[in-house]
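Below is one structure; the comments refer to it alone.
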Amino acid sequence: MSNALAIAHVTQALALLIENNVGPEFGEAVKVEPRKPPADPQAEPTISVFLYQVTPNTSQRNNDLPTRASDGTLVKRPAAALDLHYLISAYGEETELVGQRLIGSVVRTLHETPILPKDVVEQAGERPYLAGSDLAEAAQRVRFTPTVMDIDETSKLWGMLHQTPYSLSVVYQAALVFIDGRETPVTAKPVERSDVRVLPFGAEGAPVPPGAERRGDVPSSSGQAVEVVKANPEESGRTSAKQAAKTPARTAGKAPAKAPAKAAAETVAKPAATTAATPAAKAPARARKTARAGRSAQQEPPKSARRPADDESTEN
């Protein structure tokens, strides 16, 4: 977290980072100015660092909500998350391509060192107009990433700079910069003791279950008062009405389903009973015929026994 000087501190630190790395590589003194591009281009090697836009960071803009309690007490210090957009332009002798050489050195520097070093931030904070900044103590470090802009966006950007000729430049975004509030949140009170109780429904001090009302304390056999909970008649009436409405629906649903099953069972059982009864009915009839035949055979004498008697009657 940082105070309101964080934006200016990041701009000064970026200019200092470019100056410390571009000058020794270029071979001559390079002037780095944290200002908008000049209307009159200069012949000496110059780099301008211009902050043209400040936008809220979309990923961190709502992380600090809510910051106050229901009574208005500040519980968390609010912080604004911002992204800074820079236009870096280079000027110099065109015949020696000084501007292009400077832009190449700037790109190399920010690609090698995308995160703002802490020593550079502390060095930039030595300026008298940044004496009260606390950006060096912030836990979040600022990171620079290049931004792609097409011809239309570039022309609109340079069109905002009144009477400023176009020059070769690159655009970078610095994220993430936090600016916190000035109020100090109220420290929460520590927990003095923890009191946890487990009570059944109906006990003294226990909550009343939904749909019931207290009827009073009734003395028990042990001599202690027992709290009786009486069910709400409206709730019981609603419950019985719901059960009565569900019972006919269930009976009506089951009856049509059982009728076809019974009919099918009877249809299958009748042929089986007929088939089983037919051999049982035929068996006694065959037995009776066999018994009659046996009796007839016993009553009639054999033919060989009857012939001698017939012969004797003839001789007499």
Item checked: Where labels lie 7 Å past Cα in the beta-carbon direction, separation of Tyr129 and Leu168 in nm -> 3.0
Next item on the list: Take the Cβ-Cβ distance between Met160 and Lys76 as r, set R0 to 22 Å, and report the resulting FRET efficiency rounded to the nearest 0.05.
Entry: 0.05
Margin query: Taking the full set of protein chains and a 1.4 angstrom probe, give the accessible area of Asp40 in square angstrom, rounded to the nearest 10.
Written below: 120
Margin query: Could you compute how much accessible surface Asp195 exposes when probed at 1.4 Å, giving the result in Å² to the nearest 10?
Written below: 110
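Once fully extended, how much extra length lies between Ala206 and Asn62, figured as 0.36 nm per residue of separation less the alpha-carbon to alpha-carbon distance? Please report the intermediate quantities before stating the final value.
Values: separation 144, 0.36 × 144 = 51.84 nm, distance 4.06 nm.
Length gained, Ala206 through Asn62: 47.8 nm.
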Next item on the list: Work out how much length Arg182 to Glu33 would gain on full extension: take 0.36 nm times their residue separation and subtract the Cα-Cα distance, in nm to one decimal.
Entry: 50.5 nm
Check: Given the Cα-Cα distance of Arg108 and Ala136 and 0.36 nm per residue of separation, how much length would full extension add, in nm?
Finding: 7.7 nm
Notebook entry, point to check: With a sphere of radius 10 Å drawn around the Cβ of Thr46, what net charge do the other residues whose Cβ falls strictly inside it have (Lys, Arg +1; Asp, Glu -1)?
Noted result: -1
Margin query: Can you compute the charge dipole magnitude of the range 20-171 about its Cα centre, using +1 on each Lys and Arg Cβ and -1 on each Asp and Glu Cβ, nothing else charged? Give it in debye, rounded to the nearest 20.
Written below: 640
Margin query: Just to confirm, what accessible area per residue do you get for the range 75-167 at 1.4 Å probe, in whole Å²?
Written below: 57
Check: Counting pairs of Cα atoms in the range 30-152, how many percent are more than 20 Å apart?
Finding: 61
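The values are calculated or read from the model by the stated rules, or taken from the named source; none is laboratory data. Predicted model, so just to flag it, every value in this text is computed and none were measured. Here Cβ is always computed from backbone atoms with ideal geometry, including for glycine, and neighbour counts include all displayed protein chains. What goes into the accessible areas is simple: the full protein's heavy atoms, side chains included, and nothing from ligands, DNA or RNA. Shrake-Rupley method; radii C 1.70, N 1.55, O 1.52, S 1.80 Å.
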